[in-house]
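Participant: Pasting in a structure now, in structure tokens, and then I'll have a few things to ask.
The values are calculated or read from the model by the stated rules, or taken from the named source; none is laboratory data. Bear in mind the structure is a predicted one, so any value in this text is a computation, not a measurement. Don't worry about glycine lacking a Cβ; one is built from the backbone with ideal geometry, like all the others, and counts go over all protein chains shown. Areas reflect the complete protein model, heavy atoms only, side chains present, ligands, DNA and RNA absent. Shrake-Rupley method; radii C 1.70, N 1.55, O 1.52, S 1.80 Å.
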Amino acid sequence: MSCLSNIRVQVRATLANNSFQLWKWCMSMAENCTNMRRLKAIHAIYITLGLHRNTYAVSKLLDFSALSNYADLPYTSRIFAQVRTSNTFLYNILIRAYSRSSQPQFSLHYFNLMLQTNNAAAPDSFTFPFLLIACANGPLEVEGKQMHSWVVKNSFSASDAHVQTALIRFYTNCKALDDARKVFDEITDIDVIQCNVLMSGHLQCGLAKEALSIFQDMLGRGVSADEYCVTTALAACAHLGALEQGKWIHEHVMKSEWVESDVFIGSALVDMYAKCGCIHLASEVFDSMPTRNKHSWATMIRGFAVHGRPELALSCLERMQVVDGLKPDGIVILAALAACAHAGLQKEGEALLDKMESLYGVVPEHEHFSCVVDLLCRAGRLDDALKLIRRMPMKPRASVWGALLSGCRNHNNVSLAELAVKEILLVEDGNEAEEDSAYVQLSNIYLAARQCDDARRIRRMIGDKGLRKTPGYSAIEIDGMVNEFVAGDVSHSCLTNIHEVLDLIYLDPDFSNLI
């Protein structure tokens, strides 16, 4: 009550002066508001003075209640409802605020209200990007396509870069990459942000080759890459194992001196070299980075892990504290646990899990338990893995049971596999991807245990449910070009030559004799 009392005292004092001074004082109070409690007190003063119906005055309240870190959207809506004549600016505040909330559909609600004002508040170039963000976050694909029609109808798509970018982001978020590409190709003067949005969308959908192609096309069209585009392109190279293209990007980066200024590009280079099999180059880049963060250390630890250097991975936990003054977080520790799992360091992995909270102040989460379960399963200690799951302080997720299921497959433990699948289906009820993976692994375990009837029953169940296993693929880079292969695929242009070489290898396993 003291806050409201103080404001009342100031109001009485200010009323003694002219109305202009009162107006200035009210606007200043709203602009300098620091929390919702104070804003509600200011709103009460607005109502007392009749300012709650003034469009400009209310905009000051809406700006804080809708867009600040203390946002209260239901209260924002109540303030908005008191305004007699709302303008485009006020509607845009509501549309923008709800677009990034857990209820993005309300952005469309306020857009429809805007259309009912008979052009008193007409949509502008700021309205549609917020609406498209709302549709992307929904995801509201049908409504987003309707917004696209509005954009074309109002001629924003041909001239406004923000609207064009929002359209690309909407379609990529909805995984409608063909539509995103159509919007991109219709843009006369593309910018680096639009390129990065399209690249990121393809990369998130597992289309790293296409993402890298977009990067190359962007440079060919004379658009200069920024640090975000370079990071995305390096991630695509890491995904594909495209070492030569990654090296070319590294040279491009060195010319621009970005490594010295951007820690994320340095970390992306480390990740790319490690995943492309060049751990020595990854280590060189890492050691040359003038600034490293926890993400950088986690990337280097993961690199050492996959290259079978657990001693170097674990030493990073100490080095990062001594060299950079950084304390390991959950992600760094997870990378170290993965190193233990890859190398079969059971004692070290279990000790790190048990002591991570006391040593580093990090509470173990599902991912950490999954990693140690995997470690124990690799060592054939399936019963110990189950005991660890049973004593978890939280309810195990599918990732934890999935680690146990993989171990059961490696050691042909049918009873534990059935238990793991049962738990996965309970946790991930309705998740077709998880069901598919669990059933496929269980059927393979049945086959390995010569329980063919059970394997056929599971396969029949998979077919009846319409589940399909996502096919795996392999990739190899030759002369800077990445070639991808999927089981049963006959589309490669050099298929005949590939089969001829494979036939020669089959006839003479000592391939050196053919050279």
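Participant: What is the distance, in nm, between label points placed 7 Å from the Cα along the Cα-to-Cβ direction at residue 449 and at residue 323?
Facilitator: 4.7
Participant: While we're here: Take the solvent-accessible surface of the protein heavy atoms, probe 1.4 Å, and return the percent of it on the chain that carbon and sulfur atoms account for.
Facilitator: 51
Participant: Using alpha-carbon pairs under 8 Å, 6+ residues apart, how would you state the relative contact order of the chain in percent?
Facilitator: Across the chain, relative contact order equals 6 percent.
Participant: Just the accessible area per residue of the chain, please: how many Å² with a 1.4 Å probe?
Facilitator: About 53 Å² of surface per residue is accessible.
Participant: What are the radius of gyration and Dmax of the range 382-470, computed over its Cα atoms and given in Å?
Facilitator: Expressed in Å, the Cα Rg and Dmax of the range 382-470 come to 12.8, 38.
Participant: Something else: Evaluate E = 1/(1 + (r/R0)^6) for residue 115 and residue 264, where r is the Cβ-Cβ distance and R0 equals 35 Å; express this FRET efficiency to the nearest 0.05.
Facilitator: The pair residue 115/residue 264 has a calculated efficiency of 0.25.
Participant: Residue separation times 0.36 nm, minus the C-alpha to C-alpha distance between residue 394 and residue 494: what's the value?
Facilitator: Working it through step by step, the gained length comes to 30.8 nm.
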